[in-house]
1. Please list, in chain and number order, the residues 5+ apart from residue 32 or on another chain whose amide H is under 5 Å from its amide H, with Hs placed from the backbone.
2. Residue by residue through segment 45-53, which ³J(HN,Hα) values in whole Hz follow from phi under the Karplus form 6.51 cos²θ - 1.76 cosθ + 1.60 (θ = phi - 60°), with glycine and proline marked x?
3. With a 1.4 Å probe and every protein chain kept in, tell me what percent of the accessible surface of the chain is carbon plus sulfur.
4. If you place +1 on the Cβ of every Lys and Arg and -1 on the Cβ of every Asp and Glu, how big does the dipole about the Cα centre of the chain come out, in debye to the nearest 20?
5. Could you do me a favour and compute the accessible area per residue for the chain, 1.4 Å probe, result in Å²?
6. Using a Gaussian network for the chain with springs between C-alpha atoms less than 10 Å apart, which of these wobbles most: 49, 26, 34?
7. Quick check: residue separation of residue 63 and residue 26 times 0.36 nm, minus the Cα distance between them. What number comes out in nm?
8. So what's the chain giving for Cα Rg divided by 2.2 N^0.38 Å, two decimals?
Amino acid sequence: RQGPFAVQIGSFRNADNAKRLKGEMVRRYGSASVSEASVDGALFYRVQVGFFTDLERARRSVETFQKNGYPDAFVIALEGQ
């Protein structure tokens, strides 16, 4: 399947925690973003890294993140890109 895709590496209720992780990812990988999502009426801040047009590349990136301390990393499809 063709993208775009990103890798979600964290989800937080506290925006400051998401901003800290985003800053770390920007320093390490050059880019990251935070998106807001409402889940059962609660607001979450999701930290996402990368922009992949190919699902297989995104999956390989997940494996790298998981090996480097982000065991819950997973691929997401980006909408409206």
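The values are calculated or read from the model by the stated rules, or taken from the named source; none is laboratory data. Source: prediction; values computed, not measured. Positions of Cβ are backbone-derived with ideal geometry, glycine not excepted, and every protein chain shown enters the neighbour counts. We work out accessible area using only protein heavy atoms, side chains counted, and drop any ligands, DNA or RNA first. Shrake-Rupley method; radii C 1.70, N 1.55, O 1.52, S 1.80 Å.
1. Those qualifying (amide H under 5 Å, at least 5 residues apart or on another chain) number zero.
2. With the stated coefficients, segment 45-53 comes to 10, 9, 9, 10, 10, x, 9, 10, 8 Hz.
3. On the way: 2320 of 5270 Å².
Carbon and sulfur atoms account for 44 percent of the accessible area of the chain.
4. Once rounded to the nearest 20, the dipole reads 280 debye.
5. On the way: 5270 Å² over 81 residues.
Using a 1.4 Å probe on heavy atoms only, each residue of the chain averages 65 Å².
6. Checking each option, the largest mean-square fluctuation is seen for 26.
7. In short, 11.4 nm is gained.
8. Cα-based Rg divided by the globular estimate yields 1.05.
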